Amino acid sequence: MSELFHTYWKSYLWSDGYHLTGLAMTLWLLVISCSIGFLLAIPLAIARVSSNRWVSRPVWVFTYLFRGTPLFVQLLIIYSGFASLSMIRHSAILWPVFRLGFNCAIISFILNTCAYTTEIFAGAIKATPFGEIEAGQAFGMSQFTLYRRIILPSSLRRALPVYSNEIIFMLHATSVAFTATVPDLLKVAVDVNSATLKTFEAYGIAAILYLLVTFSLVTLFRRAERRWLAYLQPQKSNHRSSSKPQDQRNFDVESEY
């Protein structure tokens, strides 16, 4: 395995000499999809918890659609299905976007992670303690200020443990991008296997790299949880070691009489 990695390490990590490949491409897919999906999920989550059905119902349909179908199928529809439509192929605006596998992979990943993240944030918003909202209303905060100062900061902190699982899931989900000819980490492993016929070594290297990135993400999120969720941890009672128990103090007082 070490000899194989020594030969193809550059392709596995960042480039084949011409394009971004391997681990760098996988991380690039992850960063773009999760960043845009995060930004889109915040307003959608607010709409999802709205009491207005005309606002919440379309968001529910969107999340139900993309959470109820496999990501692989979504990618195939966007990459292969849209390309078969004449209105897409003859569009001067849409065809340059959908003819590239990278763009199709990014679009499918953004929509998928946005749907899951929307439900995660919506659940956290619903779980906001009413006392916090009532306190903000007592200060005369508007609905916008209430969300900006109290509800969203509190909800995003509480959603952090669940959202970390979504990030790790998306890291693993980027492996389907190779079906759209995107040279991600799995695509490099497939090409190395085809060139050398060393299946265990080729895919084993990819698995190790996925594990290293997953471990790094878990460590990063655990540190973030300890910092931003510290107020949820049980506080240790601080008693002076020199103070006497109550029974002992009572005994001392009685002994004086």
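None of the figures in this text is laboratory data; all of them are computed from the coordinates on show. The model shown is predicted, which means the values in this text are computed figures rather than measured ones. Reconstructed Cβ throughout: ideal geometry from the backbone, glycine too, with neighbour counts over all protein chains shown.
Before moving on, here are some points about what is shown:
- Projected label points at residue 126 and residue 229, each 7 Å from Cα along the beta carbon direction, are separated by 1.9 nanometres.
- Counted charge near residue 198, where neighbours are those whose Cβ lies closer than 13 Å (Asp, Glu -1; Lys, Arg +1): -3
- Relative contact order, percent, segment 1-128 [alpha-carbon distance under 8 Å, six or more residues apart]: 31 percent
- Normalised by the number of residues in the chain, the average gap of Cα pairs under 8 Å and 6 or more apart makes the relative contact order 25 percent.
- Paramagnetic reach from residue 143 (point 7 Å along Cα→Cβ, amide N under 13 Å) across segment 18-49: 46-49
- Residue 172-residue 1 FRET efficiency (beta carbon distance; Förster radius 22 Å; 0.05 resolution): 0.55
- Summed residue charge, Cβ within 12 Å of residue 150's Cβ, Lys/Arg positive, Asp/Glu negative: +1
- Candidates 151, 133, 106: whichever shows maximal mean-square fluctuation once the chain is modelled as a Gaussian network with Cα springs under 10 Å: 133
- Comparing 45, 207, 115 in a Gaussian network model of the chain (Cα springs below 10 Å), the most mobile by mean-square fluctuation is 207.
- Spatially close lysines, pair count over the chain: Cα under 24 Å, gap of eight or more or interchain: 4
- Between the helical axis of 2-13 and the longest alpha-carbon principal axis of the chain there is an angle of about 80 degrees.
- 0 to 90° range, to nearest 10: angle between helix 199-228 axis and the chain longest Cα axis: 30 degrees
- Rg/Rg_globular for the chain, with Rg_globular taken as 2.2 N^0.38 Å and Rg from C-alpha atoms: 1.44
- Using a Förster distance of 22 Å, the FRET efficiency for residue 64-residue 203 (Cβ separation, nearest 0.05): 0.05
- Size of electric dipole in the chain: Cβ of Lys, Arg +1 and of Asp, Glu -1, about Cα centre, debye, nearest 20: 580 debye
- The convex hull of the Cα atoms of segment 1-135, projected and averaged over all directions, covers 12.8 nm².
- Among the chymotrypsin sites (Phe, Trp or Tyr not before Pro) in segment 95-143, those located in a DSSP loop and surrounded by at most 15 other Cβ atoms within 10 Å of their own Cβ are 139.
- Diffusion coefficient (Stokes-Einstein, Kirkwood radius over C-alpha pairs, 20 °C, 1.002 mPa s) for segment 166-230: 162 µm²/s, rounded to a whole number.
- Folded to 0 to 90 degrees: helix 160-173 orientation relative to the chain principal axis, Cα: 10 degrees
- Using the Cβ-Cβ distance between residue 215 and residue 73 with R0 set to 41 Å, the FRET efficiency from 1/(1 + (r/R0)^6) comes to roughly 0.85.
- Rh by Kirkwood over Cα pairs, then Stokes-Einstein D for segment 70-204 at 0.692 mPa s and 37 °C, µm²/s: 181 µm²/s
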